[in-house]
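Here's the structure, in structure tokens; my notes come after.
The values are calculated or read from the model by the stated rules, or taken from the named source; none is laboratory data. These figures come from a predicted structure and were not determined experimentally. No Cβ is skipped: glycine too gets one built from the backbone with ideal geometry, and neighbour counts run over all protein chains shown. What goes into the accessible areas is simple: the full protein's heavy atoms, side chains included, and nothing from ligands, DNA or RNA. Shrake-Rupley method; radii C 1.70, N 1.55, O 1.52, S 1.80 Å.
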Amino acid sequence: MRPPHSVVGGDIALLTANCGRGRTTTLAEYEFGGGYAALHTALETSPQAVIDEVKASGLVGRGGAAFPTGVKWEGAFKALGQPKYVVCNADEAEPGTFKDRVLMEDDPHRILEGLILSAYAVGASKGYFYIRGEYQTPYRIVQGAVEEARAAGYLGENILGSDFSFDVELRRGAGAYICGEETALFESIEGKRGFPRVKPPFPTTHGLFGKPTAINNVETLANVPLILQMGAAEYRTIGTEKSPGPKLFCLSGDVAWPGLYEVPFGVTFRHVLNDLAGGMRPGQAFKAALFGGAAGAFATESELDTRLTFEDLRTAGLPLGSGVITVFDETRDLREVLLRLTHFFAEESCGKCYPCQIGSQRQFEIMNRITDGGSQPEDRQRLLDLGVTMTDSSLCGLGQTAGMAVMSAIRRWPELFTPVNG
């Protein structure tokens with residue numbers, strides 16, 4: 001459960017141990033709870049030892065891509081070329097997602113420690129903390145935490161008396177959803193328009209300013225001090241064998257208690273919905289849930305007992321994404337929901353590749369026609385064709401997932417796309 005008047009709850013409180021109190025955790029409070037102890041320990045070992053421990057933990061990216069964190073770090077560590085960079089991706093713009101904001105506002109030093117540890121592991125002397133432009137309060141809080149860490153000797157030259165030197169620069173986005181994509185984020189930091197790059201080459205060899213770079217999500221970095229404090233073996237006792245560790249889920253929509261819930265991988269969706277979030281709004285019945293944000297897929301009542309793991313959700317045809325779940329009750333018109341989602345992608349497409357630029361616009365136009373009651377017999381097939389084309393042909397993840405929610409709804413409720421007189 002969660003404390004009264006807090007948006008933070010769950011079965012465990014590891015990543016959110018200092019969250020939900022209505023104020024920011026100070027450096028002294030973070031240190032008192034064991035903060036920066038992992039950094040002290042890491043500096044007495046080798047970068048490879050840190051990488052090996054993170055690899056052994058099974059930690060994968062929590063921003064949606066789920067790429068093994070230790071493998072990414074090792075790639076940047078072994079890559080030729082200097083300088084090397086680490087980047088914290090805090091451009092949290094997925095509709096319904098707010099976990100990174102909570103971590104930044106309530107416990108910024110946990111993220112900073114994770115970023116410093118990643119820099120030590122890959123051999124970086126400079127890092128960037130890229131924060132969504134609309135997040136003005138988190139930006140101010142993280143800025144203050146960076147100054148605190150620098151004054152305490154956790155950033156700067158010869159950190160804690162070691163040979164390791166590292167500092168962080170904050171950057172703010174300008175409201176572009178596409179800049180959550182790692183290479184578009186690099187372009188933004190470099191002062192250019194946020195267009196995604198063609199891959200390969202990958203960031204671990206050719207990233208920010210063309211140099212080896214390790215970029216990680218806020219929640220991913222928050223896991224790192226925990227792993228090094230408790231050890232990979234103990235960390236793996238949380239969750240399941242294939243999905244180890246704690247996970248943050250943003251539950252919103254037509255539920256009694258919308259909020260951020262920390263659970264071990266493996267609990268069921270029903271548990272999070274009913275036991276933690278208090279179930280549906282009074283007097284309303286569950287209709288559907290959108291997993292994975294705007295680029296997600298719909299679950300119905302038959303998926304309520306699905307375990308929240310990478311492997312179980314994959315079997316159910318649902319994306320874990322960044323951990324966002326939006327719940328809809330029986331009063332919601334899913335056509336209206338889809339209209340808003342398709343409008344979002346039509347607005348946010350950067351326009352670099354035609355499948356996404358044109359496909360997202362056509363998708364929105366068709367959904368607009370369907371919602372207005374003027375659907376045509378061919379519209380359902382048109383939407384499927386658009387979805388497949390965008391998925392197979394778009395340059396980056398935005399276009400590749402822009403049709404996922406619509407295609408999921410077509411599979412679940414084909415009647416929504418049928419003309420009234422047809």
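Of note:
- Out of Ala288, Ala294, sole residue that is aliphatic (A, V, I, L, M), assigned to a helix (DSSP H, G or I) and more than 17 Å from Gly10 (Cα to Cα): Ala294
- Number of the exception - Ser360 against (1) open to solvent by less than 30 Å² (accessible area, probe 1.4 Å); (2) without any contact (Cβ under 8 Å) to a residue 60 or more places away in the chain; (3) over 23 Å from Cys396 (Cβ atoms); (4) among the hydroxyl-bearing types (Ser, Thr, Tyr): (3)
- Hits in region 370-386 (condition: in contact (Cβ under 8 Å) with a residue 12 or more places away in the chain, more than 31 Å from the chain's Cα centre (by Cα) and not in a loop (DSSP other than H, G, I, E, B)): Ile370, Asp379
- Filtered residues of region 387-422 (kept if of a type in the set (Phe, Trp, Tyr) and either without any contact (Cβ under 8 Å) to a residue 60 or more places away in the chain or assigned to a helix (DSSP H, G or I) (or both)): Phe417
- The requirement of being open to solvent by 30 Å² or more (accessible area, probe 1.4 Å) and in contact with a Pro (Cβ under 8 Å, 6 or more places away or on another chain) is not satisfied by Arg270.
- Subset of region 204-225 [assigned to a loop (DSSP other than H, G, I, E, B) and open to solvent by 10 Å² or more (accessible area, probe 1.4 Å)]: Thr204, Thr205, His206, Lys211
Yes/no matrix, rows are residues, columns are (1) under 22 Å from the mean Cα position of the chain (by Cα); (2) crowded, with 17+ Cβ neighbours inside 10 Å; (3) farther than 30 Å from Ala297 by Cα:
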{"residue": "Gly123", "(1), (2), (3)": "no, yes, yes"}
{"residue": "Lys126", "(1), (2), (3)": "no, yes, yes"}
{"residue": "Glu169", "(1), (2), (3)": "yes, no, yes"}
{"residue": "Ala174", "(1), (2), (3)": "yes, no, no"}
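- Matching residues, region 128-141, being part of a helix (DSSP H, G or I) and open to solvent by less than 10 Å² (accessible area, probe 1.4 Å): Pro138
- For Gly321, the conditions (1) within 30 Å of Gly266 (Cβ to Cβ); (2) under 23 Å from the mean Cα position of the chain (by Cα); (3) surrounded by fewer than 23 Cβ atoms within 10 Å (Cβ to Cβ) all hold with the exception of (3).
- In this structure, Glu336 does not qualify as part of a helix (DSSP H, G or I), without any contact (Cβ under 8 Å) to a residue 12 or more places away in the chain and not hydroxyl-bearing (Ser, Thr, Tyr).
- Taking residues in region 302-315 that are farther than 14 Å from Ala66 by Cα, and partners anywhere that are open to solvent by 20 Å² or more (accessible area, probe 1.4 Å) and of a type in the set (D, E, K, R), the pairs with Cβ atoms closer than 6 Å and at least 6 places apart or on different chains are Leu304/Arg270; Asp305/Arg270; Thr306/Asp312.
- Where a residue in region 160-183 is closer than 14 Å to Arg132 by Cα and its partner, wherever it lies, is open to solvent by 40 Å² or more (accessible area, probe 1.4 Å) and of a type in the set (Gly, Ala, Ser), with Cβ under 8 Å and at least six apart: Gly180/Gly63
- Restricting attention to region 226-250, the residues that are part of a helix (DSSP H, G or I) and in contact (Cβ under 8 Å) with a residue 60 or more places away in the chain total 7.
- Selection count where residues are modelled with pLDDT under 95 and hydrophobic (A, V, I, L, M, F, W, C), scope region 60-79: 2
- Only a single criterion out of (1) part of a loop (DSSP other than H, G, I, E, B); (2) of a type outside the set (S, T, N, Q); (3) within 25 Å of Lys78 (Cβ to Cβ); (4) open to solvent by less than 20 Å² (accessible area, probe 1.4 Å) is not satisfied by Phe164, namely (4).
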